[in-house]
Amino acid sequence: MKTIIFKTASSYLLPLLLLFAIFILLRGHYLPGGGFVGGLIAAIAFVIHSFANGIEKTRGIIKFHPGFLMPIGLALALIAAIAPLFTGGALMTGLWFENPVPVIGMVGSALFFDIGVFLVVVGVTLTIIFTISETI
Amino acid sequence: MSLYEYLYYIILPLLAISILIIFVRFLKGPTLSDRVVSLDLIITTGIGIIAIYSIHTNQPTFLDIAMILALIAFLGTVAFSYYLEKREKND
């Protein structure tokens, strides 16, 4: 679309929405949020950018095919799930670091599982939407 | 009349009536763009209802849900207008 307001707004919205997505992802352990909603918001940020500037420019920002995010996210979630087996716990037990990380708080294997879900959701949504927009 | 009573007995019924009126426009709407605009307006009124509910129950996390809903409504309207524009070009 060739509207200058939407184009200008989208270039400011993209980093803001990505930041909000990361905020939602990190907050998800105790409050509403988490990997799925965060991934959807990050995908919506790229979709709005692609509507305003054309898909080729958005592909230039991402640099690689978004489908590659799916196996990476699945592998990260799998590693977070089977990591407690090596320390003597049951499958998917939460492992926590001893000291809290500044700003984020306590970090455990649940966060890495959530990051895996985040990457899978971004990859799936962007693959679907880019494929649909190419055919129209 | 306190703020809570004002929100509960005046603002909330107003929003409910306006949703009904917008829904009539959504059903009648002569053209497709009328329906798209009325759908956007229904979601925006729903965001207002969520905001009042968040004040009433004293839960600030509902506001984040309202924000995500506004984002999705905006994306939906932009996508509808994008494809309406493309369809008019093709005809």
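The values are calculated or read from the model by the stated rules, or taken from the named source; none is laboratory data. All values reported here derive from a predicted model rather than from experimental measurement. Glycine also receives a Cβ, built like all others from the backbone with ideal geometry; neighbour counts cover every protein chain displayed. Surface areas here come from the heavy atoms of the whole protein model, side chains and all, with no ligands, DNA or RNA. Shrake-Rupley method; radii C 1.70, N 1.55, O 1.52, S 1.80 Å.
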Filter the stretch A:109-136 for residues that are among the polar types (S, T, N, Q) and within 13 Å of chain B (Cβ to nearest Cβ); the one that is most open to solvent (accessible area, probe 1.4 Å) is A:T135
Going by what's in this entry, would A:P102 be described as more than 14 Å from chain B (Cβ to nearest Cβ) and either surrounded by 19 or more Cβ atoms within 10 Å (Cβ to Cβ) or closer than 30 Å to B:F80 by Cβ (or both)?
no
Just for the stretch A:29-45: of the residues that are touching a residue at least 24 places away in the same chain (Cβ under 8 Å) and within 11 Å of chain B (Cβ to nearest Cβ), which one is most open to solvent (accessible area, probe 1.4 Å)?
A:L40
Determine which member of the set A:L119, A:L85, A:L91, A:L78 is over 26 Å from A:L14 (Cβ atoms) and modelled with pLDDT of 90 or more.
A:L78
Given the options A:I104, A:I82, A:I115, name the one that is within 22 Å of the chain's Cα centre (by Cα) and farther than 25 Å from A:A21 by Cα.
A:I82
Condition met for B:F80 (within 14 Å of chain A (Cβ to nearest Cβ), part of a helix (DSSP H, G or I) and out of contact with any strand residue (DSSP E or B) (no Cβ under 8 Å at 6 or more places or on another chain))
yes
With the structure loaded, tell me whether B:L41 is open to solvent by 60 Å² or more (accessible area, probe 1.4 Å) and under 23 Å from B:M67 (Cα atoms) or whether it fails that test.
yes
Which listed residue, of A:G33, A:G39, is outside any helix (DSSP H, G or I) and within 13 Å of the chain's Cα centre (by Cα):
A:G33
For A:H49: the one exception among (1) modelled with pLDDT under 90; (2) surrounded by 15 or more Cβ atoms within 10 Å (Cβ to Cβ); (3) not aromatic (F, W, Y)
(1)
Of (1) open to solvent by less than 60 Å² (accessible area, probe 1.4 Å); (2) more than 12 Å from the chain's Cα centre (by Cα); (3) without any contact (Cβ under 8 Å) to a residue 12 or more places away in the chain, B:L14 fails just (1)
State whether the residues of the stretch A:53-62 include one that is under 23 Å from B:A66 (Cβ atoms), modelled with pLDDT under 90, assigned to a helix (DSSP H, G or I) and within 12 Å of chain B (Cβ to nearest Cβ).
no
Does A:I79 meet the test of being more than 14 Å from every other protein chain (Cβ to nearest Cβ) and aliphatic (A, V, I, L, M)?
yes
Given the criteria open to solvent by less than 100 Å² (accessible area, probe 1.4 Å), β-branched (V, I, T), more than 30 Å from A:F23 (Cα to Cα) and at pLDDT 95 or above, does B:I19 qualify?
yes
Got at least one residue in the stretch B:56-74 being surrounded by fewer than 16 Cβ atoms within 10 Å (Cβ to Cβ), touching a residue at least 40 places away in the same chain (Cβ under 8 Å) and under 16 Å from the mean Cα position of the chain (by Cα)?
no
Restricted to the stretch A:1-18, and to residues that are assigned to a loop (DSSP other than H, G, I, E, B) and not hydroxyl-bearing (S, T, Y), which residue is modelled with the lowest pLDDT?
A:M1
Could you tell me whether A:A21 is part of a helix (DSSP H, G or I), open to solvent by less than 20 Å² (accessible area, probe 1.4 Å) and at pLDDT 90 or above?
yes
